[in-house]
């Protein structure tokens, strides 16, 4: 919670003078006490911070803050009074006083006395002040510790800071509560923590509330609770009562208008708490000589006619409200008896109040969205991720925009389809959770579990934006299939707090997440549910977000009303899947399975479990089968149905891209689709200066010539190498033949990562390499290291063992560059262009010259690029491979 510093230097003289006059003249407070306790403020932003509100648009005013009993310093709790009372939507009564900060539990306000007042109180009650009692490091000089340590001192419990100031000025010790019910904890019959230390055995406690306790039954009920809590601790409880009138309503009114002697007479005639209880019960019965009884129809008509516009159901938070305040349906019968003189059963009153409230239901989120859409100018949603998170990938802007529209859609159309979760991944302390909290405002929640507990559904349907913090913990604790089902669900069935049976509720909220680590996705088949944005900035600009929040939601409402979608297109879905690969956790079984799949056209799950992992067929369980199925999916194999395999019919899996036979290899290498892979690529240090790869479909004559003699040994077919099409190129392609294959040895076990599985290490190294080479500056590299996307030992290992000379030069440029992308290569005046087929032919020629076998070639590709075939290489990798072969002998 933000602790507000003193705002004295912001105080307007007019407001301060008005506040002091209100306290001194209007409530009989000593000037010294008023000036020590009353502060004023006009700044709306500072008042919003003080109240812990997202926004404040009201007038300036005065406020007081409580002193901490233990430290003697200000606590961040107090009471604020705006110059002009505040009016809130759906609430008829204006608010003159506001307790702050919002969201925290209520406390007792302890005011600051001056030294003269302390000495007067000590003389009055004959309790000395010793030198040890004076503590110069405390704002109160030790006054409240002295009070707590002397239980013979009587305390006056009163409502409101001005009344407390009046009592303190006249030699009484006030404990100020901010409401008649605020001496007890919510929904618990316990004293609030800041009141409890004063409720000690033998302490005189006097309840000095307004004189309208004689006419207001609800105030009497509140006093009963406070008095009971004090009496339970052994306090001697008395109740101050005097004749009610508008001129003597509060204790400050009584003292100002009738004099201190009138109040002293009241204190001389305190009513003991037990006696007051008896008198109150008797008085209540006399005032209710006969409660009216109505049948159900009459009662419903009566309540509907009187409470129709005042009784409402808050659909989002699932609570019944009367005049904007929550009421408990089980107490509705008491309300009718107290305010309307009607006697009915608890069940009947609860049912009728609940029914009429549902007829008047509303959503505070919809009210808010309608308001900002009508009054706030929208901002652009097209680059929000770029602005707030420092990202450069356009898909991240799409993720954030679609999520905002989805939140609006869920508010206006509960239960509409939205089966994805936006996840912010990045450094701890970057403000990821704060980002969602500010967007959600009063309707943000981060207390929901992973959906497995019954209370999770109630929590889910009481807020608009729900955050799963540190989402990697959620993944580790729950099966991904169950989690996916929970996210996908559009409706939930549970019993609401106001009902006695389960009801179906369409979802009005969205679920978002945050993650600190970089590896947390466990199931590739369900990973499409997560839109992950890596936060590049060290700190998200939360201050700017607070300023733009209303405009952002205004833009989202506009997009929703204009019919913009909140789901991804097919092409965006593919980009999301590619993005998610960097956050995928690799199963340690994957390496062994990948090796087993080499050269196979189909496999079965049972075959892998029994042959690769030597698990007895009778001990194979469902979990192991699902584990292998997930790995096969990751390796781009798919289920092909039941087929004859290994002597029996069983479900088999086949590669998504089928293995080519000898007749198909030549067709693939020469197909128009393959030639379209070639793109014009700028030069790289390891590529010959005069070469680049051009997308060009071979002419028919050239194709016929090559079809006669073209070959590849890379897919297991051995034929003669293709002669160079251009004479000038043949000299570059062909060097002295050698029959000795080159052995490529990389010690993957030395890679500095916490795994011993070779496939996992290869996969990790390729991901780190891609992340590192995607950096533009040294600052990007530092951020990558900070987000655990890579480590310094991994980068050094790559430099020493894995990077090509071109990539090493690129890494050096990145490490030495501080601004901009310094890797741009100047255009050349002339290049020689090659088609994809020509490059393949040239590589075949080099492989034939070197005497490499198919196994040698595949081993090199797996070690160098983690690819099983040249058709999976990028254009730059093809050129680099060709360049490498030419220098071998």
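Among the candidates 876, 827, 838, 833, single out the residue that is in contact with a strand residue (DSSP E or B) (Cβ under 8 Å, 6 or more places away or on another chain) and at pLDDT below 80. Write out each step before concluding.
Working: 876 fails: in contact with a strand residue (DSSP E or B) (Cβ under 8 Å, 6 or more places away or on another chain); 827 fails: in contact with a strand residue (DSSP E or B) (Cβ under 8 Å, 6 or more places away or on another chain); 838 fails: in contact with a strand residue (DSSP E or B) (Cβ under 8 Å, 6 or more places away or on another chain).
Going through 876, 827, 838, 833 in turn, just one is in contact with a strand residue (DSSP E or B) (Cβ under 8 Å, 6 or more places away or on another chain) and at pLDDT below 80: 833.
Which one of the conditions (1) modelled with pLDDT under 75; (2) part of a helix (DSSP H, G or I); (3) more than 48 Å from the chain's Cα centre (by Cα) does residue 279 fail to meet, given that it meets all the rest?
(1)
Out of segment 371-394, which residues are over 20 Å from the mean Cα position of the chain (by Cα) and closer than 21 Å to residue 528 by Cβ?
393, 394
So if I check each of 219, 215, 237, 208, which one is touching a helix residue (DSSP H, G or I) at 6+ places or on another chain (Cβ under 8 Å), modelled with pLDDT under 85 and not assigned by TED's automatic domain parsing to the domain that holds residue 331?
Every option except 219 fails the conditions.
Among the residues of segment 50-68, which ones are surrounded by fewer than 18 Cβ atoms within 10 Å (Cβ to Cβ) and in contact (Cβ under 8 Å) with a residue 40 or more places away in the chain?
First, the residues of segment 50-68 that are surrounded by fewer than 18 Cβ atoms within 10 Å (Cβ to Cβ): 52, 54-55, 57, 59.
Matches in segment 50-68: 52, 54, 55.
Taking only segment 782-814 into account, find how many residues are under 22 Å from residue 578 (Cβ atoms), under 34 Å from the mean Cα position of the chain (by Cα) and free of Cβ contacts under 8 Å to residues at least 40 places away in the same chain.
Matching residues across segment 782-814 total 2.
Need the failing condition index for residue 437 against (1) part of a helix (DSSP H, G or I); (2) modelled with pLDDT of 75 or more; (3) surrounded by fewer than 18 Cβ atoms within 10 Å (Cβ to Cβ), just the number.
Checking residue 437 against (1) part of a helix (DSSP H, G or I); (2) modelled with pLDDT of 75 or more; (3) surrounded by fewer than 18 Cβ atoms within 10 Å (Cβ to Cβ), the one that fails is (3).
Can you tell me which condition residue 360 does not meet? The list is (1) within 17 Å of residue 219 (Cα to Cα); (2) out of contact with any helix residue (DSSP H, G or I) (no Cβ under 8 Å at 6 or more places or on another chain), and all the others hold.
So the condition that residue 360 fails would be (1).
Can you name the residue in segment 643-664 that is in contact with a strand residue (DSSP E or B) (Cβ under 6 Å, 6 or more places away or on another chain) and surrounded by fewer than 12 Cβ atoms within 10 Å (Cβ to Cβ) and, of all such residues, is modelled with the lowest pLDDT? Give the derivation first.
Applying the first criterion (in contact with a strand residue (DSSP E or B) (Cβ under 6 Å, 6 or more places away or on another chain)) to segment 643-664 yields 643, 645, 649, 651-656.
Of the ones still in play, those that are also surrounded by fewer than 12 Cβ atoms within 10 Å (Cβ to Cβ) are 649, 656.
Numbers: 649: 90, 656: 78.
So, considering only residues that are in contact with a strand residue (DSSP E or B) (Cβ under 6 Å, 6 or more places away or on another chain) and surrounded by fewer than 12 Cβ atoms within 10 Å (Cβ to Cβ), the one modelled with the lowest pLDDT is 656.
With respect to the numbered conditions (1) modelled with pLDDT under 90; (2) under 30 Å from residue 307 (Cα atoms), which one is the sole condition not fulfilled by residue 82?
With respect to (1) modelled with pLDDT under 90; (2) under 30 Å from residue 307 (Cα atoms), residue 82 is out only on (1).
Considering each of 531, 553, 566 in turn, give the residue that is at pLDDT 90 or above, part of a loop (DSSP other than H, G, I, E, B) and not assigned by TED's automatic domain parsing to the domain that holds residue 54. Steps first, answer last, please.
Values: 531 fails: part of a loop (DSSP other than H, G, I, E, B); 553 fails: part of a loop (DSSP other than H, G, I, E, B).
The match here is 566.
Are any residues in segment 585-612 more than 19 Å from residue 869 (Cα to Cα) and exposed (fewer than 14 other Cβ atoms within 10 Å of the Cβ), and if so, which ones?
Across segment 585-612, the qualifying residues are 588, 611.
Can you tell me which residue among 106, 147 is over 27 Å from residue 547 (Cα atoms), surrounded by 17 or more Cβ atoms within 10 Å (Cβ to Cβ), in contact with a strand residue (DSSP E or B) (Cβ under 9 Å, 6 or more places away or on another chain) and modelled with pLDDT under 90? Talk me through it step by step, then tell me what you get.
Working: 147 fails: modelled with pLDDT under 90.
Every option except 106 fails the conditions.
Quick one: how many residues across segment 600-630 are at pLDDT below 85 and in a loop (DSSP other than H, G, I, E, B)?
1
Given the conditions (1) part of a loop (DSSP other than H, G, I, E, B); (2) closer than 18 Å to residue 63 by Cα; (3) out of contact with any strand residue (DSSP E or B) (no Cβ under 7 Å at 6 or more places or on another chain), and given that residue 139 satisfies all but one, which numbered condition is not satisfied?
Of everything listed in (1) part of a loop (DSSP other than H, G, I, E, B); (2) closer than 18 Å to residue 63 by Cα; (3) out of contact with any strand residue (DSSP E or B) (no Cβ under 7 Å at 6 or more places or on another chain), residue 139 misses just condition (3).
For segment 68-108, which positions are in contact with a helix residue (DSSP H, G or I) (Cβ under 6 Å, 6 or more places away or on another chain) and in a strand (DSSP E or B)?
Of everything in segment 68-108, those that are in contact with a helix residue (DSSP H, G or I) (Cβ under 6 Å, 6 or more places away or on another chain) and in a strand (DSSP E or B) turn out to be 79, 100.
Kindly indicate whether residue 539 is loosely packed, with under 15 Cβ neighbours inside 10 Å and outside any loop (DSSP other than H, G, I, E, B). It would help to see each step written out before you state the result.
Details: loosely packed, with under 15 Cβ neighbours inside 10 Å: yes; outside any loop (DSSP other than H, G, I, E, B): no.
When the stated conditions are applied, residue 539 does not pass them.
The values are calculated or read from the model by the stated rules, or taken from the named source; none is laboratory data. This is a predicted model, so every value here is computed, not measured. Cβ coordinates were reconstructed from backbone atoms using ideal geometry, including for glycine residues, and neighbour counts include every protein chain displayed.
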